[in-house]
1. Before we move on, is residue 46 on the phi > 0 side of the Ramachandran plot, at pLDDT below 90 and not assigned by TED's automatic domain parsing to the domain that holds residue 100?
């Protein structure tokens, strides 16, 4: 009788604890594949509620996805900066001293954030 063993080395593993005594495990193996499991912990045994095998995407798909997300975030940032500019102009027209106070507070908050 022969016994064969297959060993897969794990290069990255994440555990997230969920409610109702459950945990979500995401394991990335050295070959790039992965396993996403939801496990429920009971008094006497652990039950795997869901197990999903994951395969890595090709580089071109990842490149396109990252480029799309970057473009979407860039356009959203531009839109928010436009809104901020419009609000600043409105505040400048209605209450210039308030705008100066807001700008001083923003600069001070930025300095505190950069020291962290």
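1. On the way: on the phi > 0 side of the Ramachandran plot: no; at pLDDT below 90: yes; not assigned by TED's automatic domain parsing to the domain that holds residue 100: yes.
When the stated conditions are applied, residue 46 does not pass them.
A quick yes/no check of all residues on (1) part of a loop (DSSP other than H, G, I, E, B); (2) in contact (Cβ under 8 Å) with a residue 24 or more places away in the chain; (3) surrounded by 10 or more Cβ atoms within 10 Å (Cβ to Cβ); (4) out of contact with any helix residue (DSSP H, G or I) (no Cβ under 8 Å at 6 or more places or on another chain):
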site	(1), (2), (3), (4)
32	yes, yes, yes, yes
35	no, no, yes, yes
38	no, no, yes, yes
53	no, no, no, yes
56	yes, yes, yes, yes
61	no, no, yes, yes
65	no, no, yes, yes
70	no, no, yes, yes
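The values are calculated or read from the model by the stated rules, or taken from the named source; none is laboratory data. Since the model is a prediction, treat every value here as computed from it, not as a measurement. We place every Cβ from the backbone using ideal geometry, glycine too, and count neighbours over all the protein chains shown.
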